[in-house]
Amino acid sequence: MGVVSSILLGVAVVVVVYGIMLYNGLVQIKHNVSKAWANIDVLLKQRHDELPKLVETCKQYMQYEQATLEKVMQARAGVAAAREAHNIPALGQAESALRAGLGGLFALAEAYPDLKANDTFQHLQQRITGLENAIADRREFYNESVNINNVRIEQFPDVLIARRFNFPAAELLQFQDEEKQDVDIKQLFG
């Protein structure tokens, strides 16, 4: 075999190995996005299971606040539907509605001393608040994973492999502008 043939064969092997490394890196990143979504999904399911218990506990004390309780349950259904469909934009909107509903519910609970003193209510409120915090943490991790994925599939030379093997861009989990604004305490307690 000639020197030129050996050099060409060596270059071809290096190119193939490099292509395989790029491909495997993109596969890992794609699966990190899926894993990050699955982590959020688990927490959303747990919260989904806890909300009816909270609403049922509140119903015993808040006979005149049915509209607030119904808002929470409608928002819960919206989150569940978006979660099942893996519809990230719809999930962001539904999450905003649910958080607003829960904020209103917890604010109204202040007017019911018996409810606030109820052990079940306190436990559920702490559990849901803990889940909300965990969801926020996982959302940050998910969005970071999505960002890494989207940057890598657009960078050269990764873009060559990404296009060839149809690596899709992922969507960030974003919430509505109302959720990013400061909370109007007077409105909650007014």
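The values are calculated or read from the model by the stated rules, or taken from the named source; none is laboratory data. None of the values given here were measured: they were computed from a predicted structure. Note that each Cβ is placed from the backbone with ideal geometry, even for glycine, and that neighbours are counted across all protein chains shown.
Identify the single condition in (1) among the charged types (D, E, K, R); (2) part of a helix (DSSP H, G or I); (3) more than 22 Å from residue 39 (Cβ to Cβ) that residue 84 does not satisfy, given that it satisfies every other one.
It is condition (3) that residue 84 fails.
Specify which of the listed residues (136, 111) is surrounded by fewer than 18 Cβ atoms within 10 Å (Cβ to Cβ), out of contact with any helix residue (DSSP H, G or I) (no Cβ under 6 Å at 6 or more places or on another chain), in a helix (DSSP H, G or I) and aliphatic (A, V, I, L, M). Quick ask: steps written out before the conclusion?
Details: 111 fails: in a helix (DSSP H, G or I).
Unique residue meeting the criteria: 136.
Give the residue that is farthest from residue 173 (Cα to Cα), with candidates limited to residues of the stretch 146-162 that are in contact (Cβ under 8 Å) with a residue 40 or more places away in the chain and in a loop (DSSP other than H, G, I, E, B).
Per the criteria, the residue is 157.
Can you list residue pairs whose Cβ atoms sit under 7 Å apart, with the first residue in the stretch 132-145 being closer than 10 Å to residue 39 by Cα and the second being surrounded by 14 or more Cβ atoms within 10 Å (Cβ to Cβ) and aromatic (Phe, Trp, Tyr)? Count only pairs 6 or more apart in sequence or on different chains.
Qualifying pairs under 7 Å: 142/37.
Pairs, please: C-beta under 7 Å, at least 6 apart or cross-chain, first residue at pLDDT 90 or above and in the stretch 71-87, second buried (at least 17 other Cβ atoms within 10 Å of the Cβ) and among the aromatic types (Phe, Trp, Tyr)?
Pairs that qualify, where the first residue is at pLDDT 90 or above and the partner is buried (at least 17 other Cβ atoms within 10 Å of the Cβ) and among the aromatic types (Phe, Trp, Tyr): there are none.
Yes or no: the stretch 30-45 includes at least one residue that is surrounded by 13 or more Cβ atoms within 10 Å (Cβ to Cβ), in contact (Cβ under 8 Å) with a residue 24 or more places away in the chain, of a type in the set (Phe, Trp, Tyr) and farther than 22 Å from residue 86 by Cβ.
Within the stretch 30-45 (the criterion being surrounded by 13 or more Cβ atoms within 10 Å (Cβ to Cβ), in contact (Cβ under 8 Å) with a residue 24 or more places away in the chain, of a type in the set (Phe, Trp, Tyr) and farther than 22 Å from residue 86 by Cβ), the answer is no, since none of the residues qualifies.
Which condition does residue 67 not pass, out of (1) over 30 Å from residue 172 (Cα atoms); (2) surrounded by 13 or more Cβ atoms within 10 Å (Cβ to Cβ), if it passes all the others?
Against the list (1) over 30 Å from residue 172 (Cα atoms); (2) surrounded by 13 or more Cβ atoms within 10 Å (Cβ to Cβ), residue 67 comes up short only on (2).
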